[in-house]
Amino acid sequence: MMHKAEKMTAKVQAKKHYNAASAEQVQAQSHLRLGIILLAIGLILALFSSVNGIFAVLGTIAIIIGIVLLVLWLLEQV
């Protein structure tokens, strides 16, 4: 009976470790995805900067946030 309980405990601990690793991978992928999307939005807004100056400001902010998210993703890959 004790052997069976030890096996179940080992399985539960392994499953918790796997779930924690999966959550970290999902968070890292979300940083990558959001970084790329914000970079694209920032570049599109920067293209419209000739129409109005606010587009240049918003585009710059989006690009900076996108770069920060990409750097966070790179740091998580190490």
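For the chain, calculate the relative contact order in percent as a whole number, restricting contacts to Cα pairs under 8 Å that are 6 or more residues apart.
Relative contact order for the chain comes out at 32 percent.
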Positive-end residue, the chain charge dipole about Cα centroid, Cβ charges, pick of Leu39, Ser50, Val78: Val78
About the Cα centre, charge dipole magnitude for the chain (Lys/Arg +1, Asp/Glu -1 at Cβ), debye: 480
Simple label model, 7 Å out from Cα along Cβ direction - Ile64 to Lys4, nm: 6.2
Helical mean residue ellipticity (222 nm; -39500 (n - 2.57) per DSSP H run of 4+; nearest 500) of the chain: -33500 deg cm²/dmol
Cα long-axis angle, helix 53-77 against the chain (0 to 90 degrees, to the nearest 10): 30
Residue among Ile64, Ile54, Ile41 with the largest mean-square fluctuation in a Gaussian network model of the chain, springs linking Cα atoms under 10 Å: Ile54
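Values quoted throughout were computed directly from the atomic coordinates according to the rules given, and no laboratory measurement underlies them. All values reported here derive from a predicted model rather than from experimental measurement. With ideal geometry, Cβ positions are generated from the backbone for all residues, glycine too; neighbour counts draw on all protein chains shown.
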